[in-house]
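**Student:** Pasting a structure below so you can have a look.
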């Protein structure tokens with residue numbers, strides 16, 4: 001049994017300013033993690049893939065960001081995950097192979113590995129699952145308990161299993177609020 005239960009925060013590849021990481025967060029490969037400024041990663045989050053986080057990103061409690069060393073999950077600025085979201089940048093084929101990270105690749109079935117990109121101003125609702133290779137266009141968002149299997153167009157809200165386009169988001173208002181926020185923040 002390993003004595004190394006907690007990750008070494010000093011091994012994180014890049015750490016910005018004003019970053020809060022909960023005490024129960026687990027990061028399997030901290031050397032593959034880059035974190036920008038003004039980021040919060042809440043407790044009970046598990047990360048086992050390369051991760052790039054820009055600025056003003058929130059990852060709520062219980063998120064699972066998985067995929068192994070071969071995949072990367074990217075969060076663009078002002079994006080957020082609600083509690084209990086799963087971002088699966090890697091997935092095993094349960095039909096014709098061994099499905100465990102403990103066996104070499106040649107004994108597995110089809111392994112689906114693909115980077116996930118959560119776009120700027122994107123939101124992923126509680127309990128949603130995002131599969132390998134999905135890219136959220138800027139402002140694309142997903143309602144709670146949704147399953148996302150393909151790329152999402154910018155500035156639309158999606159929901160369901162599988163996620164379907166529901167309605168347009170107000171990109172002008174959101175962009176204006178971002179400018180107002182950054183201006184007020186920079187004047188302090």
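**Student:** Which residues, taken from the stretch 158-188, are part of a loop (DSSP other than H, G, I, E, B) and touching a strand residue (DSSP E or B) at 6+ places or on another chain (Cβ under 8 Å)?
**Tutor:** 160, 161, 162, 163, 169
**Student:** Scan (1) assigned to a loop (DSSP other than H, G, I, E, B); (2) free of Cβ contacts under 8 Å to residues at least 12 places away in the same chain for the single condition residue 150 breaks and write down its number.
**Tutor:** (2)
**Student:** Follow-up. Anything in the stretch 149-164 that is crowded, with 17+ Cβ neighbours inside 10 Å and either modelled with pLDDT under 95 or touching a helix residue (DSSP H, G or I) at 6+ places or on another chain (Cβ under 9 Å) (or both)? List them, or say none.
**Tutor:** Correct list: 155 only.
**Student:** What is the number of the single condition among (1) surrounded by 16 or more Cβ atoms within 10 Å (Cβ to Cβ); (2) free of Cβ contacts under 8 Å to residues at least 60 places away in the same chain; (3) out of contact with any strand residue (DSSP E or B) (no Cβ under 8 Å at 6 or more places or on another chain) that residue 138 does not meet?
**Tutor:** So the condition that residue 138 fails would be (2).
The values are calculated or read from the model by the stated rules, or taken from the named source; none is laboratory data. This is a predicted model, so every value here is computed, not measured. Please note: Cβ atoms are built from the backbone with ideal geometry, for glycine as well, and neighbour counts cover all protein chains shown.
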